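What follows is a set of notes on a single structure, which appears directly below.
The values are calculated or read from the model by the stated rules, or taken from the named source; none is laboratory data. Since this is a predicted model, take the numbers as computed values, not measurements. Methodologically, a virtual Cβ is constructed for each residue, glycine included, from the backbone with ideal geometry; neighbour enumeration extends over all protein chains shown.
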Amino acid sequence: MTELLVAFLVSTIAAATPLLLAATGELVVERVGVLNLGVEGMMLAGAIAAFATANVTGVTSLGVLAGLVAGIALALLFAVISLTLQANQTATGLALTIFGRGFSALVGAGFVGIPAPTLPKLHFPVLSEIPVLGPVVFGHDILVYLSLAILALVAWCIRATHLGLILRAVGDSHDAAHALGYPVVKIRYAAVAFGGALAGLAGAYMSLAYTPLWAQDMTAGRGWVAVALVTFAAWRPFWLLIGAWFFGALMYLSLYIQALGVPIPSAFLSAVPYIGTVVVLVLISRDARRIRLHRPAMLGRPFQARA
Amino acid sequence: MLKIEPRGYESTFWRYASPVLALLLTGLTSGLIFAGMGRPPGLTVYTFLIAPLLQQDGLEALAVKAAPLIMMGVGLSLAYRANVWNIGTDGQFTVGAICGGGIAIAFPEAPFWAVFPAVVIAGTLGGMANGGLVAWLRIRFNANEILTSLMLAYITQYLLVYLVVGPWRDPQGFGFPQTALFSDDALAPRLIEDTNVHLGILLAPLFSVGLWFMLEKSLLGFQFRVLGQATRAAKFAGFSENRLVWIAMLISGGLAGLAGVFEATGTLGQLTTTLSPGYGFTAIIVAFLGRLNPLGAIPAGLLLALTYLGGDAAQINLGLPNAVTGIFQGILLFYLLGCDFLLLNRVGWRRTKAGAAS
């Protein structure tokens, strides 16, 4: 029983990590008023960049770095078209997803079915040996801890720092922020790049740690779940953690029950996380007033400085 | 240096020139990418965009691929005009194929006049039900249609896999994940004998003309355009947003369902686990390339159908992975959106001296 519980908790945290990374990035992007629907594409680009680099060089840390850079590169593409050229953000985000899928499939065509070095699990002396607590808390790879640290940092930054105040001002009233002299477009560029970096890391986690392989479309909609998580959390960082763990548990359980050989068709179980996303979205969005209260007021609106 | 100034109006010239410019830039960029991959760029672009048309049956293959893209793109043009972001047409397509295919499998002995209309109606209703569910979730629960429609696309894909691997699998199919072949009477009638040119290829442009009339010439179409361009004005005018969301999702869902029916009964003749090679996302590009105009979806659908054929040709003749289709499509949509900057802004060169003075 304890073993089952440990396996459940460890796997849930692993499954939640890519969701948490990508959603934390998207949360910052949306808090400055930009809706980037290209998370799935950035994750895929990060996944293949990380996998290819780790495979060629044999160094996982270089792979992680490559995933991060690929995410930023795609995010900047989005920023140029939606922020500088002021194209519709929804459409540009979809373009980014389409592009990221194509790009990753093209680069990844030569990497299907070959192994790459896996991100090692950290080992803390003494701590990792504690029963239950050891494997659950002290037995993960570096990206798991990094995802939690970044979340805490983002939460603190948005809530308690001057920078956070500026970010919120840009997201809630870009005209006022502009009038105060803040460079709205530059701040948005930076936030979008940050979101891309985290989506790239999420992809790197997928291909180097979670399922250390490359397969076309291997993120399987996780980027979209991350976008949904931001709405679920009502744009508040710590709620992302609860959402990510919930979906992580759902993903693990759907795999676990399939492995048990329960007489439920495996296709139905595989669909559970997606059904869960719809159900959770419906439950959360039902209260339109609450959504309006928390949503950055400028979300998705283009900004053009007027002289 | 570069001089940019807002026009203050929408340029009619660039309205039609910007997609052409986007296409040229896409060709150029893909050429550069091919060159970077160590392929002769000219030959690759030729293989990708022109060679498929010169092949025997090239035009037939193009029409077969374009029909579903046009149907789906036409529906999306309408929906996007009203800011209804249906991005799950893949799901509506799959449900359409499942419902239509289910009827075809259930009644293998039925005569054409009975079974084929039933197949078409079931598939269309299936697509409409999927689209309607998205509309209902948005209107009743305020749930974002982008996410719900896409999640439903994943869910319906698993439903298809379940049916084709499980209860609907062909008992005589040697265990392959596919259903039995539909009876000849359940297949879409051919317009030209001994080809794949089926009824759907005739219907796709008819829908496009029909919806163009609705959008440009009817009060309902006017309401769609106002809702998309000026939501507040639409509310003051008393147009019901909910009604338009329903109509947009039912039409775009129904057309995608119909596209699924014709893919199943016109092209494949059975159901398999992979019905749509990413038509759902491609249809989004069709809608934008066609300027969200139902008539524009016809040339746009033909062009994007060509990118599928080109991907196959590049794979066979040049050994490139056919994923080049996806990257070409992504770049095209980027350029399309980017070039629209010219619609509202004038870009030119400014002499440096004058620039410094101003």
Subject >> helices (runs of 4 or more DSSP H) wholly inside the stretch B:221-313 containing at least 2 residues that are without any contact (Cβ under 8 Å) to a residue 24 or more places away in the chain >> reply: B:231-236, B:241-262
**OP:** Go through A:Phe268, A:Phe247 for me and flag whichever is closer than 11 Å to A:Leu19 by Cβ, within 14 Å of chain B (Cβ to nearest Cβ) and either touching a residue at least 24 places away in the same chain (Cβ under 8 Å) or part of a helix (DSSP H, G or I) (or both).
**Re:** A:Phe247
**OP:** Please specify each residue of the stretch A:109-128 satisfying the condition of being part of a loop (DSSP other than H, G, I, E, B), of a type in the set (A, V, I, L, M, F, W, C) and touching a residue at least 40 places away in the same chain (Cβ under 8 Å).
**Re:** A:Val112, A:Ile114, A:Ala116, A:Leu119
Subject >> Residue list for the stretch A:78-93, restricted to those being among the hydroxyl-bearing types (Ser, Thr, Tyr) and within 11 Å of A:Val185 (Cα to Cα) >> reply: A:Ser82, A:Thr84
**OP:** Would you mind telling me which numbered condition in (1) of a type outside the set (Ser, Thr, Tyr); (2) facing chain A (nearest Cβ under 7 Å); (3) within 21 Å of B:Val119 (Cβ to Cβ) B:Leu163 fails?
**Re:** (2)
Original post:
Does A:Ala45 count as within 19 Å of the chain's Cα centre (by Cα), among the hydrophobic types (A, V, I, L, M, F, W, C), more than 25 Å from A:Pro302 (Cα to Cα) and within 14 Å of another protein chain (Cβ to nearest Cβ)?
Top reply: yes
Subject >> Only one of A:Leu20, A:Leu9, A:Leu106 that is within 14 Å of chain B (Cβ to nearest Cβ), more than 30 Å from B:Arg346 (Cα to Cα) and either in contact (Cβ under 8 Å) with a residue 24 or more places away in the chain or in contact with a helix residue (DSSP H, G or I) (Cβ under 9 Å, 6 or more places away or on another chain) (or both) >> reply: A:Leu106
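Residue by residue, here is whether (1) away from chain A (no Cβ under 12 Å); (2) of a type in the set (Lys, Arg); (3) surrounded by 24 or more Cβ atoms within 10 Å (Cβ to Cβ) holds:
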residue: B:Leu303; (1), (2), (3): yes, no, no
residue: B:Leu309; (1), (2), (3): yes, no, no
residue: B:Leu320; (1), (2), (3): no, no, no
residue: B:Val324; (1), (2), (3): no, no, yes
residue: B:Gln329; (1), (2), (3): no, no, yes
residue: B:Leu333; (1), (2), (3): no, no, yes
residue: B:Leu337; (1), (2), (3): no, no, no
Original post:
For the subset of the stretch B:176-189 comprising residues that are aliphatic (A, V, I, L, M) and in a loop (DSSP other than H, G, I, E, B), which member is nearest to the chain's Cα centre (by Cα)?
Top reply: B:Ala188
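Conditions tested, residue by residue: (1) farther than 24 Å from B:Leu302 by Cα; (2) buried (at least 19 other Cβ atoms within 10 Å of the Cβ).
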| site | (1), (2) |
| --- | --- |
| B:Gly126 | yes, yes |
| B:Glu145 | yes, yes |
| B:Met151 | yes, yes |
| B:Val164 | yes, yes |
| B:Pro167 | yes, no |
| B:Leu187 | no, yes |
| B:His198 | no, yes |
Subject >> Where A:Leu76 falls short, out of the listed (1) under 30 Å from A:Ile13 (Cβ atoms); (2) at pLDDT 95 or above >> reply: (1)
Original post:
Can we say A:Leu27 is over 21 Å from A:Ser207 (Cβ atoms), away from chain B (no Cβ under 12 Å) and in contact with a Leu (Cβ under 9 Å, 6 or more places away or on another chain)?
Top reply: yes
Subject >> Breaking point among (1) free of Cβ contacts under 8 Å to residues at least 60 places away in the same chain; (2) at negative phi, for B:Gly38 >> reply: (2)
Subject >> Condition broken by B:Ser208, with the remaining ones in (1) more than 25 Å from the chain's Cα centre (by Cα); (2) crowded, with 20+ Cβ neighbours inside 10 Å satisfied >> reply: (1)
**OP:** Please go through the stretch A:81-103 and pick out each residue that is within 7 Å of chain B (Cβ to nearest Cβ), closer than 10 Å to B:Gly326 by Cα and touching a residue at least 12 places away in the same chain (Cβ under 8 Å).
**Re:** A:Ile98, A:Phe99, A:Arg101, A:Phe103
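Condition check ((1) surrounded by fewer than 23 Cβ atoms within 10 Å (Cβ to Cβ); (2) out of contact with any Phe, Trp or Tyr (no Cβ under 6 Å at 6 or more places or on another chain); (3) free of Cβ contacts under 8 Å to residues at least 24 places away in the same chain) across all residues:
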{"position": "A:Lys186", "(1), (2), (3)": "yes, yes, yes"}
{"position": "A:Ala191", "(1), (2), (3)": "no, yes, no"}
{"position": "A:Gly196", "(1), (2), (3)": "no, yes, no"}
{"position": "A:Gly203", "(1), (2), (3)": "no, yes, no"}
{"position": "A:Leu208", "(1), (2), (3)": "no, yes, no"}
{"position": "A:Leu213", "(1), (2), (3)": "yes, yes, no"}
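Does B:Ile192 meet the test of being in a helix (DSSP H, G or I), over 30 Å from A:Ser254 (Cα atoms), modelled with pLDDT under 95 and more than 9 Å from every other protein chain (Cβ to nearest Cβ)? Reasoning before the result, please.
Details: in a helix (DSSP H, G or I): no; over 30 Å from A:Ser254 (Cα atoms): yes; modelled with pLDDT under 95: yes; more than 9 Å from every other protein chain (Cβ to nearest Cβ): yes.
Considered against the rule, which asks whether it is in a helix (DSSP H, G or I), over 30 Å from A:Ser254 (Cα atoms), modelled with pLDDT under 95 and more than 9 Å from every other protein chain (Cβ to nearest Cβ), B:Ile192 comes out as no.
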